[in-house]
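Before any comments, here is the structure.
The values are calculated or read from the model by the stated rules, or taken from the named source; none is laboratory data. Note that the coordinates shown come from a computational prediction; the quantities given were computed from them, not determined experimentally. FYI the Cβ positions are ideal-geometry reconstructions off the backbone, even for glycines, and counts take in every protein chain you see. Accessible surface is based on the protein model in full, side chains and every heavy atom, while ligands, DNA and RNA are left aside. Shrake-Rupley method; radii C 1.70, N 1.55, O 1.52, S 1.80 Å.
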Amino acid sequence: LYGIRVGKSFYCQGTPKLKIAGEPKNIIIGDNVKFLGDIDLRNRENGKIIIEDNVLLESVRLVSAREGVIKIGKNSAIAEGTIINGGGDVLIGENVLISTYVTINANEHKMAKNDIIKNQGYIHKPVIIEDDCLIGAKVSINKNVTIKKGSIIGAGSVVTKDTKEYKIYAGVPAKEIGERKYGN
């Protein structure tokens with residue numbers, strides 16, 4: 001695996017796409033990790049990708065650049081079509097469920113009027129998803145956002161601001177619409 005560190009009982013269905021322009025040792029895969037479908041791992045400069053124990057990834061792309069760290073916590077699962085771009089840090093907690101076609105961007109293009117956009121570079125800020133969160137299908141999470149512990153983000157939402165613990169959010173932009181309750 002070209003110097004990538006891989007833990008015990010790693011399962012990979014298919015051949016991952018590896019575009020490693022940084023250090024292979026900066027990609028760390030824990031124990032009992034499962035890759036299903038087309039997994040695309042990319043790093044540049046000093047970008048790091050850390051996948052902790054018991055994580056399930058299904059047809060996702062992880063891109064870590066500059067000094068950014070993408071870290072996926074224990075027992076989390078990320079579904080098909082999700083793309084995580086980390087020029088800044090993307091820190092995903094434990095027991096997090098991320099549905100299909102989610103985009104998480106720890107960066108965005110600069111957009112000054114006096115130069116064309118493609119020449120301006122990027123602004124990098126972190127994205128943090130704390131433990132026990134559920135992110136619905138086709139959600140977009142912008143840079144400089146913390147999704148607090150226990151939050152639920154409804155399908156199709158665009159998250160531009162921090163959430164509160166155990167609250168439910170939906171919409172464009174995402175707004176609080178409810179809260180998690182005890183019970184079955």
ask   = H124's amide H: which non-local residues (gap 5+, or another chain) put their own amide H closer than 5 Å, with H modeled 1.01 Å from N in plane and none for Pro or chain starts?
value = none
ask   = Taking amide hydrogens as modeled 1.01 Å from N in the peptide plane, which residues meet the under 5 Å criterion relative to I50, leaving out close sequence neighbours?
value = I28, I70, K71, I72
ask   = Can you list the residues, at least 5 places off or on another chain, whose amide H is less than 5 Å from the amide H of T82, using H built in the peptide plane?
value = R61, Y101, V102
inquiry  = Along the Cα→Cβ direction, 7 angstrom out, place labels at E45 and V6. What is the inter-label distance in nm?
reply    = 2.9 nm
note = For D162 the rounded accessible area (nearest 10 Å², probe 1.4 Å, non-protein molecules ignored) is 90 Å²
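Could you compute the net charge surrounding I168? Neighbours are other residues with a C-beta less than 14 Å from the C-beta of I168; K and R count +1, D and E count -1.
Taking every other residue near I168 into account, the sum is +3.
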task = Whenever you get a sec, compute what percent of the accessible area on the chain sits on carbon and sulfur atoms (1.4 Å probe).
result = 49 percent
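Per residue, how many Å² of accessible area does the chain show with a 1.4 Å probe?
Working: 9830 Å² over 184 residues.
Per-residue value: 53 Å².
Sorting F10, F35 by accessible area (1.4 Å probe), largest first, what list results?
Working: F10 60, F35 5 Å².
Greatest to least solvent exposure: F10, F35.
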task = Anything over 23 Å Cα to Cα? Flag those among K138/K181; K138/K161; K110/K175, in the order listed.
result = K138/K181; K110/K175
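Taking 35 Å as R0, compute the FRET efficiency from the Cβ-Cβ separation of Y182 and N32 and round it to 0.05. Present the calculation step by step, with values, prior to reporting the outcome.
Working: r = 30 Å, r/R0 = 0.87.
E(calc), rounded to 0.05, equals 0.70.
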key: Neighbour-limited loop hits for trypsin sites (Lys or Arg not before Pro), region 59-148 (at most 13 other Cβ within 10 Å; DSSP other than H, G, I, E, B)   = K110, K113
remark   = Distance in Å, no decimals, from the C-alpha centre of region 119-184 to the one of region 25-46 is 24 Å
